[in-house]
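K.L.:
The structure's right below; bear with me while I get my questions together.
The values are calculated or read from the model by the stated rules, or taken from the named source; none is laboratory data. Keep in mind that what you see is a predicted model, and the values were worked out from it rather than measured. Because the Cβ atoms are built from the backbone with ideal geometry, glycine has one as well, and the counts that use them run over all protein chains shown. Side chains included, ligands, DNA and RNA excluded: accessible areas come from the protein's heavy atoms. Shrake-Rupley method; radii C 1.70, N 1.55, O 1.52, S 1.80 Å.
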Amino acid sequence: MNNITRINLILIASIVCILTSSLGLHSAFADTTKVEKSAKPTADEARTFMASLEIELLDLLIASERSEWVKSTNITYDTDMLAARANEAVMAYVSVKADEARRFDGLKLDVSLRRKFNLLKLRLSLPAPSDRAKRAELAKLATEMSSMYGKGKFCPQGESKDCLTLGDLSKTLATSRDYDELKEAWVGWRTTSKPMREKFVRFVELANEGAREFGFGDLGDLWKSRYDMPPDEFEKEINRLWEQVRPLYEQLHCYARTRLAAEYGADKVPSGKPIPAHLLGNMWSQDFANIFDLLAPEKKSAFNVTGILQDKKIDERGIVRQAEAFFVSLGLDPLPATFWERSMFTKPQDREVVCHASAWDIDWLDDLRIKMCIEINAEDFTTVHHELGHNYYQRAYKHLSALFADSANDGFHEALGDTIALSVTPAYFVDIGYLDKMPADSLNPLMQRALDKIAFLPFGLLVDQWRFDVFSGRVGPDQYNAHWWKLRTKYQGIAPPVSRSEKDFDPGAKYHVAANVPYTRYFLATILQFQFHRALCEIAGHKGPLHTCSIYGNKEAGKRLNDMMEMGMGQPWPDAIEALTGQRQMDATAIIDYFQPLLDWLEEQNKDAVCGW
Ligand code: X8Z
Ligand code: ZN
């Protein structure tokens, strides 16, 4: 299971603490807490405590993982309850152990053991208050909000008639070029999050109370403390990275606005103003990949991944095989037979499932799987690489004990598969025989990539900027939606197509807000993947522009990547990034290098335009 899912799992564990009596839970791990407790704790005692903790935790995590898989691939009332119960056990266990572990605070321990004690407190994305009633209330709210998102449908004809799912509405956003039709789909999806608002207000109060009991100022403070530096330093760090990449986004935004004005009219897309959010091809305007046809530098597209896949008549399983073959070409082992038997690659017709793509590591060993509703197109081709990246990372650190069995920071986990997908270039398609010859030189592939990666950056940043402001109380419930749009306009330069009010709850229309999944990881991943790519291309001896590099087939690059993955979370992330790149910092110069040719072109295109908003 990937990072996101694992953290989700722990979140859900908090949901149902009410169902299991604390007596039952305590008896479940009473044996293992029989550590000899001297009056003054010793380092030996701390080591024994941690050793049993990690074994017990793993057991609970595995049980929870299995229930979660069953639930996500067959959602019913009962599978929900079973998964919730298993998750609850994890949540309660971590809370109890984090409390017991205070005994060892201030004790001199070796670096690695002290790191585990610190990680234990950071493990939960949703720490619950110890008050049972409040914990139960928080748990219920968290479940309700994520299910509301999962079940969300927009019924334009009224109740239960011709209702549209997120998948249906997203398809309209991606393919329609009719301003009003797009607006209806955009507004329609946001009707599903309105009822979440009140719940979210209470959720914030209770989650903060839990975080304070764990010793953090608020929940945002806990999330920001997961990066081997103080939270305020981390905040400065993400702002530093954003300032490095902001000029790229502003150029892309400016050009996109010109092209959209040509398509929809300058009255609908005025220059110097934010772009209407529903015209960018994506439900959250988080990338612009689906409006490539409007922005392509060369109209006659020479390289079209969706077209190549469809011409090849490759099926869903075939796409996964092809992505696996990339990892194997780097010298990594093929996925186990059970991966092919147990994964879910397509949307079943006979039951409800969670289609949002995820990767799993059911037994923290070899039971790797992905769960996706694959469509044969370029976007899902990349997402399959993203998911397998999680699986290969999980496999690489499987030798580590529970608290270290994770990526160096959460951005690394999200970056891994995307790094591989950056090597899916025209030359790669020629190499694997999907193309007969190299297409003529063109900026189109670089533009396609920019619409995915550069466009994502401000969104990747702002989702948690909003939550940090909400969790810290800087923004109260009376400004939730207004503040969301303030940030959407400030960072992304977009505006809602219809007026919004505090009756709306637009942040809840994004999965990660409804399901309480931290989001800064994706911003970091977007920076990191280019840094990893640049380092790997150097190792592979690539000559020429960075965007033409593919590490396909390069065993040395594969080994260096795997060496970093094998470090897991055992050491601070600067050690891990240094092992691969020689740098100890996250650094946006790689993404800038990569897109430089496109940036030059965009500046030329924009020279007479009024950029900014
Ligand atoms: O949620 C995801 C992955 C699972 S870790 C499919 N992503 C973010 C999103 O969909 O919003 C990948 C890109 C950003
Ligand atoms: Zn992911």
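K.L.:
What do you reckon, is Glu68 in contact with an Asp or Glu (Cβ under 8 Å, 6 or more places away or on another chain) and over 23 Å from Asp131 (Cα atoms)?
P.N.:
No; evaluated as a whole, the condition is false for this residue.
K.L.:
What number of residues within the range 57-66 satisfy the criterion of being under 22 Å from the mean Cα position of the chain (by Cα) and open to solvent by 30 Å² or more (accessible area, probe 1.4 Å)?
P.N.:
2
K.L.:
Looking at (1) out of contact with any Ser or Thr (no Cβ under 8 Å at 6 or more places or on another chain); (2) more than 16 Å from ligand 1 (Cβ to nearest atom); (3) open to solvent by 20 Å² or more (accessible area, probe 1.4 Å), which is the one condition that is false for Glu298?
P.N.:
(1)
K.L.:
Now, a different point. Among the residues of the range 470-501 satisfying the criterion of being without any contact (Cβ under 8 Å) to a residue 60 or more places away in the chain and outside any helix (DSSP H, G or I), which is most open to solvent (accessible area, probe 1.4 Å)?
P.N.:
Looking at residues that are without any contact (Cβ under 8 Å) to a residue 60 or more places away in the chain and outside any helix (DSSP H, G or I), I get Arg474.
K.L.:
Tally time: how many residues in the range 230-250 are more than 30 Å from Gln605 (Cβ to Cβ) and open to solvent by less than 40 Å² (accessible area, probe 1.4 Å)?
P.N.:
Residues in the range 230-250 being more than 30 Å from Gln605 (Cβ to Cβ) and open to solvent by less than 40 Å² (accessible area, probe 1.4 Å): 3 in total.
K.L.:
Give the residue that is nearest to Arg123 (Cα to Cα), with candidates limited to residues of the range 217-256 that are touching a Gly at 6+ places or on another chain (Cβ under 8 Å) and charged (D, E, K, R).
P.N.:
If we take residues in the range 217-256 being touching a Gly at 6+ places or on another chain (Cβ under 8 Å) and charged (D, E, K, R), then Asp218 is nearest to Arg123 (Cα to Cα).
K.L.:
Just to be sure before I move on: is Ala421 within 12 Å of ligand 1 (Cβ to nearest atom) and touching a residue at least 24 places away in the same chain (Cβ under 8 Å) in the structure I sent?
P.N.:
Answer is yes for this residue.
K.L.:
Please return the ranges of helices (runs of 4 or more DSSP H) entirely within the range 175-239 where 2 or more residues are closer than 30 Å to Pro497 by Cβ.
P.N.:
179-191, 197-213
K.L.:
Among the listed residues Leu561, Leu524, Leu536, which satisfies the condition of being within 16 Å of ligand 1 (Cβ to nearest atom), touching a residue at least 60 places away in the same chain (Cβ under 8 Å) and of a type in the set (A, V, I, L, M)?
P.N.:
Every option except Leu524 fails the conditions.
K.L.:
Need the failing condition index for Pro348 against (1) in a loop (DSSP other than H, G, I, E, B); (2) within 15 Å of ligand 1 (Cβ to nearest atom); (3) surrounded by fewer than 18 Cβ atoms within 10 Å (Cβ to Cβ); (4) not small (Gly, Ala, Ser), just the number.
P.N.:
Against the list (1) in a loop (DSSP other than H, G, I, E, B); (2) within 15 Å of ligand 1 (Cβ to nearest atom); (3) surrounded by fewer than 18 Cβ atoms within 10 Å (Cβ to Cβ); (4) not small (Gly, Ala, Ser), Pro348 comes up short only on (2).
K.L.:
Name the residues in the range 581-608 that are within 26 Å of Ala262 (Cβ to Cβ) and open to solvent by less than 40 Å² (accessible area, probe 1.4 Å), would you?
P.N.:
Within the range 581-608, Phe595, Leu598, Leu599, Leu602, Asn606 qualify.
K.L.:
Looking only at the range 422-469, which residues are open to solvent by 10 Å² or more (accessible area, probe 1.4 Å) and in a helix (DSSP H, G or I)?
P.N.:
Once the filter is applied, which keeps residues that are open to solvent by 10 Å² or more (accessible area, probe 1.4 Å) and in a helix (DSSP H, G or I), the range 422-469 yields Pro426, Ala427, Val430, Asp431, Pro445, Gln448, Arg449, Asp452, Lys453, Phe456, Gln465, Asp469.
K.L.:
For Asp287, only one of the following conditions fails: (1) under 27 Å from Ala427 (Cβ atoms); (2) more than 16 Å from ligand 1 (Cβ to nearest atom); (3) crowded, with 18+ Cβ neighbours inside 10 Å; (4) of a type outside the set (A, V, I, L, M). What is its number?
P.N.:
Asp287 satisfies every listed condition except (2).
To keep it simple, each residue is scored yes or no on (1) within 16 Å of ligand 2 (Cβ to nearest atom); (2) modelled with pLDDT under 80; (3) outside any loop (DSSP other than H, G, I, E, B); (4) of a type in the set (Ser, Thr, Tyr).
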{"site": "Ile18", "(1), (2), (3), (4)": "no, yes, yes, no"}
{"site": "Gly24", "(1), (2), (3), (4)": "no, yes, yes, no"}
{"site": "Ser27", "(1), (2), (3), (4)": "no, yes, yes, yes"}
{"site": "Val70", "(1), (2), (3), (4)": "no, no, yes, no"}
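K.L.:
Taking the range 98-145 as the region of interest, how many residues are within 29 Å of the chain's Cα centre (by Cα), basic (Lys, Arg) and modelled with pLDDT under 80?
P.N.:
2
K.L.:
Among (1) without any contact (Cβ under 8 Å) to a residue 60 or more places away in the chain; (2) open to solvent by 50 Å² or more (accessible area, probe 1.4 Å); (3) of a type outside the set (Lys, Arg), where does Gln310 come up short?
P.N.:
Checking Gln310 against (1) without any contact (Cβ under 8 Å) to a residue 60 or more places away in the chain; (2) open to solvent by 50 Å² or more (accessible area, probe 1.4 Å); (3) of a type outside the set (Lys, Arg), the one that fails is (1).
K.L.:
I've got another one for you. If we scan the range 347-361, do we find a residue that is aromatic (Phe, Trp, Tyr) and farther than 26 Å from Tyr77 by Cα?
P.N.:
No, because not a single residue in the range 347-361 is aromatic (Phe, Trp, Tyr) and farther than 26 Å from Tyr77 by Cα.
K.L.:
While we're looking at this one, here's another question. Restricted to the range 313-338, and to residues that are without any contact (Cβ under 8 Å) to a residue 24 or more places away in the chain and assigned to a helix (DSSP H, G or I), which residue is surrounded by the fewest Cβ atoms within 10 Å (Cβ to Cβ)?
P.N.:
So the residue we want is Ala337.
K.L.:
Taking only the range 31-56 into account, find how many residues are assigned to a helix (DSSP H, G or I), modelled with pLDDT under 95 and open to solvent by less than 100 Å² (accessible area, probe 1.4 Å).
P.N.:
Selection size over the range 31-56: 2.
K.L.:
Picking from Asp110, Asp99, which residue would you name as being open to solvent by 60 Å² or more (accessible area, probe 1.4 Å) and either in contact (Cβ under 8 Å) with a residue 40 or more places away in the chain or touching a strand residue (DSSP E or B) at 6+ places or on another chain (Cβ under 7 Å) (or both)?
P.N.:
Only one candidate qualifies: Asp110.
K.L.:
Any residue at all in the range 398-414 that's among the charged types (D, E, K, R), in a helix (DSSP H, G or I), away from ligand 1 (no atom under 12 Å from the Cβ) and farther than 25 Å from Asp587 by Cβ?
P.N.:
No - not one qualifying residue is present in the range 398-414.
K.L.:
Among the residues of the range 149-157, is any on the phi > 0 side of the Ramachandran plot and assigned to a loop (DSSP other than H, G, I, E, B)?
P.N.:
No, because not a single residue in the range 149-157 is on the phi > 0 side of the Ramachandran plot and assigned to a loop (DSSP other than H, G, I, E, B).
A quick yes/no check of all residues on (1) among the aliphatic types (A, V, I, L, M); (2) modelled with pLDDT of 95 or more; (3) within 16 Å of ligand 2 (Cβ to nearest atom):
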{"residue": "Pro439", "(1), (2), (3)": "no, no, no"}
{"residue": "Lys453", "(1), (2), (3)": "no, yes, yes"}
{"residue": "Gly473", "(1), (2), (3)": "no, yes, no"}
{"residue": "Tyr480", "(1), (2), (3)": "no, yes, no"}
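K.L.:
Still on this structure, please answer the following. I need the full set of residues from the range 517-541 which are within 16 Å of ligand 2 (Cβ to nearest atom) and either on the phi > 0 side of the Ramachandran plot or not aliphatic (A, V, I, L, M) (or both), in order please.
P.N.:
Scanning the range 517-541 gives Pro518, Tyr519, Thr520, Arg521, Tyr522, Phe523, Thr526, Gln529, Phe532.
K.L.:
So, in the range 251-284, exactly how many residues are surrounded by fewer than 20 Cβ atoms within 10 Å (Cβ to Cβ) and on the phi > 0 side of the Ramachandran plot?
P.N.:
Result for the range 251-284: 2.
K.L.:
Hey, can you tell me all the residues within the range 353-385 that are assigned to a strand (DSSP E or B), within 30 Å of Asn304 (Cβ to Cβ), of a type in the set (A, V, I, L, M, F, W, C) and more than 10 Å from ligand 1 (Cβ to nearest atom)?
P.N.:
Result: Ile370, single match.
K.L.:
Still on this structure: Give just the number: which of (1) within 16 Å of ligand 2 (Cβ to nearest atom); (2) crowded, with 19+ Cβ neighbours inside 10 Å does Leu403 not satisfy?
P.N.:
The single condition Leu403 does not satisfy is (1).
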